[in-house]
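The values are calculated or read from the model by the stated rules, or taken from the named source; none is laboratory data. Since the structure is predicted, the reported quantities are computational estimates derived from the model, not experimental observations. Cβ placement follows ideal geometry from the backbone for every residue including glycine, while neighbour counts extend to all protein chains displayed.
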Amino acid sequence: MLDIEIDGKQLQVADGSTVMEAATQVGAYVPHFCYHKKLSIAANCRMCLVQVEKAPKPLPACATPVTNGMKVWTHSEQAVKAQKGVMEFLLINHPLDCPICDQGGECQLQDLSVGYGGAQSRYEEEKRVVSNKDLGPLVSTDMTRCINCTRCVRFTSEIAGLMELGQAFRGEHAEIMPFVEKTVDTELSGNIIDLCPVGALTSKPFRFAARAWEMSRRKSVSPHDSLGSNLVVQVKHDTVKRVLPLENEEVNECWLSDKDRFSYEALNGPDRLTAPMVKQGGTWIETDWSTALEYVANGLKGVVAEHGADAIGALASPHSTVEELFLTQALVRGLGSGNVDFRLRQIDFSLDGKMAGAPWLGMPVADIGRLDRLLIVGSFFRKDHPLIAQRVRQAVKRGLKVSAVNPAFDDWQLPVANALCASPSGIPGALAAILKAVVEDKGTQTSPEFVDVIGGVVVDETARAIAGSLASGRRVAIWLGNFAVQHAQAGQIHRIAQEISRVTGGSFGVIGEAANSVGGYLAGAVPFGKISGRNASEMTSSALKAYLLVNVEPEFDCAAGASAAGIIGKADMVAVFSAFKSESALGFADVLLPVSPFTEAPGTFVNCEGRAQSFYPVVKCLGDSRPAWKVLKVLGEMLGLNELTIDSIEDVRKQIFGKEFVVDSSKLDNSVLSEIVVLGSVGAGLQRIADVPIYFADSIVRRAPSLQATRDSSEPAARMSRTTLASLGVEAGQKVRVSTGSGQAIVLATEDEGVAEGCVRLAGAHSLTAPLGALYGEVSVERL
Amino acid sequence: MGALRIAQEEKGWLANETIEFVAKYLGMPAIAVYEVASFYNMYDLAPVGAKKIAVCTNLPCALSGGVHAAEYIKKKLGIDFNETTADGRFTLKEGECMGACGDAPVLLVNNHQMCSWMTEEKIDQLLADLKK
Amino acid sequence: MTVQGIILSDLDGDRTWRLADYVKRGGYEALKKIIAEKIPADQIIGEVKKSALRGRGGAGFPTGLKWSFMPRAFPGAKYLACNSDEGEPGTFKDRDILRYNPHTVIEGMIIAGYAMGCERGYNYIHGEIFEVYERFEEALQEARDAGLLGQGILGSDFSFELYAHHGYGAYICGEETALLESIEGKKGQPRFKPPFPASFGLYGKPTTINNTETFASIPFIIREGGDAFLALGKPNNGGTKLFSVSGHVNKPGNYEIPLGTPFSTLLEMAGGMRAGRKLKAVIPGGSSAPVLPGSVMMDCTMDYDSISKAGSMLGSGAVIVMDETTCMVKALERLSYFYFEESCGQCTPCREGTGWLYRVVHRIENGLGRPDDLDLLNSVTANIMGRTICALGDAASMPVQSFVKHFGDEFAFHIEHKKCLVPKDVQHEGSKIYVA
């Protein structure tokens, strides 16, 4: 510890602290622009100059290390003179166009110029003009306002992992730019808007929509990925105008992914369903809630009477709230059916009823930074989990070694020490090889049920390298990604990966696809437990008589794609609870119930680490839409179900979490009851690998226009390795027809050396590929 | 830096495609290479004539005729600084200190060939030689 | 060049740079002595300290002291860098050293590498003197072929690799941390210090950076002893020094003289004032050093202490001589333009301030000056100085302050009369093409 005196206040700080950190600790505000606690130190803005005893010149607080006995004055005459001098320099070439600048009212330069700027400029020469840059559909630029603090440059290279911005030219001509005609494509790009201390980088979707001081700030939680980023939703006239990060060091730190930040555009979009609708004689009519709900209640009663309760099923999106998921299953079970599921893209349910608890990450998110070895299995990691990937990226700088087993690799913008590329059906075998190598490495044995699995496998070099890496770690984790969970042998993958973690003494976890991938289990929205029934796969492969779809768009959200929608459409009654209208639902549904999205309803998401985060509505419900939990409650009452007679959302939460409203950690458990594991055969034909593109993953992002205009939303292509292309007689850039038993899609073929041999990577959850049905399995590709 | 220098020697100037090629070759982000190419002023980001002549006009050279030499070349070639002759043979640049102030006036041809003590006669001779 | 010199003495221009000639002049004897006698590193550093050799790049920091900052027991690589990025207007000594006596720099660097335990060195050469870079590469190859450089030097277990690196047109790379960035292949933006290069330098490893002339002095110090070197100059100002004389003199060029030699002697050596005109002003240490009136200079001796006492700096030893035909506003305008052009753009005061300074001086020169412009110049320079990451901010400010201080009348005349005190045709005559 070091002693330091700042503005007369004594304190102790840790070795290696900077004066800025010490000042923050003691509550002394040192003006600054380029300094940011999460970025490397640049010391270029010079605004944080402070007086230090014995130093002849003022020193930058951000970059000056504390020495024992140091005395610092942050607001002495010398310090303020220096700060004012710097402020004058910053302003001479700044356009001072605050009245037309979106940053106005929340601008660091504006705020500090009040304290340190002059009333009149002494600079009477011509000001500098810098041309604007096209950074893509999300970030708007006014580069003349730029003060060259380089926060955005440092963000892209240090946090996002790829330097997409730089400071080109020099001296007064220096300007921040992407490489000529390139846009900033990182899935974290919106953070540069927050980082920019002036109005050079502002939000394009928000441009000129409101002034900072006109909006109220309300807390919320992101409904997208399994991290549950904390949000500040900014609202004006009961409309969401903008979404910003709410800093939570244990969850999203001070960042947001673009998906979390810009998806709000969909909430005000033309697709919103604002009144209950019923299909009568083939035409849709708007109606009132009681009519619509009566229709549903009667429909359900009729089906139960005629076909039995087992003919009813419910599918709910994992992006629904825990309360919605709980009430959905309560309603179905109240009617006597166990047909309820929220794991829509899963196809292997062999572990149902055999798992000790809900699958989860197996560790706190905040501990990711302390890992030294990590194995990721079956994941489009960076795009599926932007901020978890960011944490891993930072951990790599501290020595974490990442290995991965995947059927297709993207650039994760972090070094992957060992990458094992195997076809989908080859993945269990690849894991078995790693298990075998780990056992040999450690000189131990597997549990008896794995003896057969490792018996026949051949250990290749990469598997051995991964084993060696894991075996040499002290804080090891093995994670299953979305691809692994959605795999046809997901159960096998889970068990073998878990056995590797047991042998290496590491933690084991599932990263989770959606906001409530853990919460859905805790809510019991699964077809096992009290009353068991059909799983999502079964419900979408042969038709039931009545379906309740809660926030589900089956053609995009279900593993079987368009064919799932087809099956559902065969039912006598389909009631859709949704915030949005869609062509497809208008086709297969009988009733459309407008339910509120997360900004208009209360709810809870349980994130991948088992953290329950509740939130309250930030705006009024749009039109006649109502929170789904209330709709389910009323429907339950109409059906005479006692389980659904509740007074408040808190009542629902109590039923799920108990009085204390905490997640019972014993309910989070990835372990599986023992059973012999046998490897399946490796597929011979051309296998499909389907990722779910980042901005197609749920019904909200699908409708956010700006996100839909990004590069990540470009049309899916059939991506294959050079050899695979050659074996099919196809050249990159040609159009091909991809076909399965259920349908076909015409797409471009592209070369991608990251894809396993004999495989074609073709994204799912997209209208172009929905006809293909299954995300996984054999496909054929022919040149057009 | 060496890679960009070699690329420029080969291509004459650094087009965006050339920078992107160098970036790919070195496994660096293109903007990082562009930062370097735009920072050092001996890299040309726009096409230049077959012979690029830079004249030092900084103070020590100016005191011994640097400015005069530049004016003379301008007149001879009929171009101003940062211009290229119509036949594409010559581009004239105003150079900063080349570290040869004792040899003023100093010219640098195509970045690498330094010409010292450039009187009007020697400039005539040089231009004639370069035209060959 | 004078016989008193130790770096450029007894040289015959282009013909004697080769290894064989260097060896004939006693070259590599110092290195051979060290290897043969297994002289301990401490003793070498002690000898350098004794010589009172001060860094020849501009700051004049005692070299021996700098060498002793290198961590001894540091595990892993340590680097050595030679700063031959000579781009300060007025300075052109390193070019001649590398042209005429490259091996003395190579030998100096090998010895430095030995003394500080560095296995690898780089010589960063100003991009504009590309031919010199190519020659240095040749000289390196000669040394390697002779077993003087590389693995197991002269059969010992000491190894040292040395590489040449060229700049490509950026004055700022002469700043030592910018130079390191540039060697790493990045744009040359100076680093904030601390950490200093001795603990976090090239590729994050301990690094010592010295000027070309500093390294070139080392072989003599080791061969003849630190005391012999010190005796050449005066106390605290050991040795001889190269002075690059440019401007209005009859024989511009490099002159190697003992520190402490009177300025008048140096001026005489440089052939005296051109056309017998009157000395007006001298910038004694490169363009960044404050200008001094001719009369003040005539009383100075050429060493760190004397020039510093007179209110300027010996800097790199670049002496820019201006006679009575010089317009001081125009001279400053050109220098200010240089700093404006060469600012790296990283930190605010320099990026914004150098442009401001240039524009104001430019305005004054063009008859658009205002009465309070001189106060403005002083105030802006005060706001730049001491507030930037590197010394370029100070370097841009010192000429402005000193020109205004010593030649304020001339500036005031410009502002008041919208024209120059020195008639244009006189200026023109004074600075036309002049070749001795």
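Remarks
- Residue that is surrounded by the most Cβ atoms within 10 Å (Cβ to Cβ), among those in segment A:241-282 that are of a type in the set (D, E) and out of contact with any Asp or Glu (no Cβ under 6 Å at 6 or more places or on another chain): A:D260
- Qualifying residue in segment C:324-335 (condition: touching a residue at least 40 places away in the same chain (Cβ under 8 Å), among the polar types (S, T, N, Q), within 14 Å of chain A (Cβ to nearest Cβ) and in contact with a strand residue (DSSP E or B) (Cβ under 9 Å, 6 or more places away or on another chain)): no
- Close pairs from segment C:388-417: first more than 25 Å from A:G85 (Cβ to Cβ), partner crowded, with 18+ Cβ neighbours inside 10 Å, Cβ under 6 Å, at least 6 apart: C:F407/C:M328; C:E410/C:M328; C:H414/C:V329; C:H414/C:I364; C:H414/C:G369
- Selection count where residues are away from chain B (no Cβ under 14 Å) and surrounded by 24 or more Cβ atoms within 10 Å (Cβ to Cβ), scope segment C:178-196: 0
- Filter pass, A:R46 being surrounded by fewer than 24 Cβ atoms within 10 Å (Cβ to Cβ) and not in a helix (DSSP H, G or I): no
- In segment A:49-64, the residue that is surrounded by the fewest Cβ atoms within 10 Å (Cβ to Cβ) out of those that are in a loop (DSSP other than H, G, I, E, B), at the interface with another protein chain (Cβ under 7 Å from one of its Cβ atoms) and not basic (K, R) is A:A63.
- Given (1) assigned to a helix (DSSP H, G or I); (2) surrounded by 19 or more Cβ atoms within 10 Å (Cβ to Cβ); (3) within 28 Å of the chain's Cα centre (by Cα), index of the condition A:D691 fails: (1)
- Residues of segment B:22-41 satisfying the condition of being more than 10 Å from every other protein chain (Cβ to nearest Cβ) and either buried (at least 17 other Cβ atoms within 10 Å of the Cβ) or aliphatic (A, V, I, L, M) (or both): B:V22
- Subset tally (residues that are buried (at least 19 other Cβ atoms within 10 Å of the Cβ) and within 11 Å of chain A (Cβ to nearest Cβ)) for segment C:367-376: 1
- Matching residues, segment C:280-296, being under 22 Å from B:G99 (Cα atoms) and of a type in the set (S, T, N, Q): C:S287, C:S288
- Tallying residues that are assigned to a strand (DSSP E or B) and modelled with pLDDT of 95 or more within segment C:262-287 yields 8.
- Candidates in segment B:65-97 are the residues that are buried (at least 17 other Cβ atoms within 10 Å of the Cβ) and away from chain C (no Cβ under 14 Å); of these, the one that is farthest from C:R274 (Cα to Cα) is B:T84.
- Look at (1) more than 27 Å from the chain's Cα centre (by Cα); (2) modelled with pLDDT of 95 or more; (3) assigned to a loop (DSSP other than H, G, I, E, B) and you find that A:T446 fails only one, number (2).
- C:Q427 vs. criteria within 12 Å of chain B (Cβ to nearest Cβ) and assigned to a helix (DSSP H, G or I): yes
- Any hit, segment B:42-55, residues being on the phi > 0 side of the Ramachandran plot and within 12 Å of another protein chain (Cβ to nearest Cβ): no
Yes/no matrix, rows are residues, columns are (1) under 23 Å from C:I44 (Cβ atoms); (2) in a helix (DSSP H, G or I); (3) without any contact (Cβ under 8 Å) to a residue 12 or more places away in the chain; (4) not hydrophobic (A, V, I, L, M, F, W, C):
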position	(1), (2), (3), (4)
C:G113	yes, yes, no, yes
C:C118	yes, no, no, no
C:N123	yes, no, no, yes
C:F130	no, yes, no, no
C:Y133	no, yes, no, yes
C:A139	yes, yes, no, no
C:A143	yes, yes, no, no
C:L148	yes, no, no, no
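- The listed residue being without any contact (Cβ under 8 Å) to a residue 40 or more places away in the chain and not in a helix (DSSP H, G or I), out of A:A726, A:A684: A:A684
- Checking B:Y72 against (1) under 24 Å from C:F130 (Cα atoms); (2) part of a helix (DSSP H, G or I), the condition it does not meet: (1)
- Residue in segment C:4-21 that is surrounded by 13 or more Cβ atoms within 10 Å (Cβ to Cβ) and under 16 Å from C:I110 (Cβ atoms) present: yes
- The residues in segment B:98-132 that are without any contact (Cβ under 8 Å) to a residue 24 or more places away in the chain, in a loop (DSSP other than H, G, I, E, B), facing another protein chain (nearest Cβ under 7 Å) and over 22 Å from C:H248 (Cβ atoms) can be counted, and the count is 1.
- Considering segment C:347-366, the residues that are farther than 12 Å from C:I384 by Cβ and touching a residue at least 40 places away in the same chain (Cβ under 8 Å) include one that is surrounded by the most Cβ atoms within 10 Å (Cβ to Cβ), namely C:I364.
- Restricting the search to helices (runs of 4 or more DSSP H) fully inside segment C:288-386 and requiring at least 2 residues that are within 24 Å of C:R54 (Cα to Cα) gives C:294-298, C:304-309.
- The residues in segment A:253-275 that are under 10 Å from A:N230 (Cα atoms) and in contact with a Gly (Cβ under 8 Å, 6 or more places away or on another chain) can be counted, and the count is 1.
- Pick from segment B:1-14, criterion free of Cβ contacts under 8 Å to residues at least 12 places away in the same chain and more than 14 Å from the chain's Cα centre (by Cα), ranking: nearest to the other protein chains (Cβ to nearest Cβ): B:G2
- Any pair with Cβ under 9 angstrom, 6 or more apart, that starts in segment C:202-219 at a residue that is closer than 18 Å to C:L31 by Cβ and ends at one that is among the acidic types (D, E): C:T212/C:E86; C:T212/C:D94; C:F215/C:E107; C:A216/C:D94; C:A216/C:E107; C:I218/C:E107; C:P219/C:E29; C:P219/C:E107
- Against the list (1) among the acidic types (D, E); (2) away from chain B (no Cβ under 14 Å); (3) in contact (Cβ under 8 Å) with a residue 40 or more places away in the chain, the condition C:E224 fails is (3).
- A:V198 vs. criteria in a loop (DSSP other than H, G, I, E, B) and either closer than 30 Å to A:V606 by Cα or within 14 Å of chain C (Cβ to nearest Cβ) (or both): yes
For every residue, the table says whether it meets (1) more than 14 Å from chain C (Cβ to nearest Cβ); (2) of a type in the set (S, T, N, Q); (3) in contact with a Pro (Cβ under 6 Å, 6 or more places away or on another chain).
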{"position": "A:S121", "(1), (2), (3)": "no, yes, no"}
{"position": "A:E124", "(1), (2), (3)": "no, no, no"}
{"position": "A:S131", "(1), (2), (3)": "yes, yes, no"}
{"position": "A:S140", "(1), (2), (3)": "yes, yes, no"}
{"position": "A:C152", "(1), (2), (3)": "yes, no, no"}
{"position": "A:T156", "(1), (2), (3)": "yes, yes, no"}
{"position": "A:G171", "(1), (2), (3)": "no, no, no"}
{"position": "A:N191", "(1), (2), (3)": "yes, yes, no"}
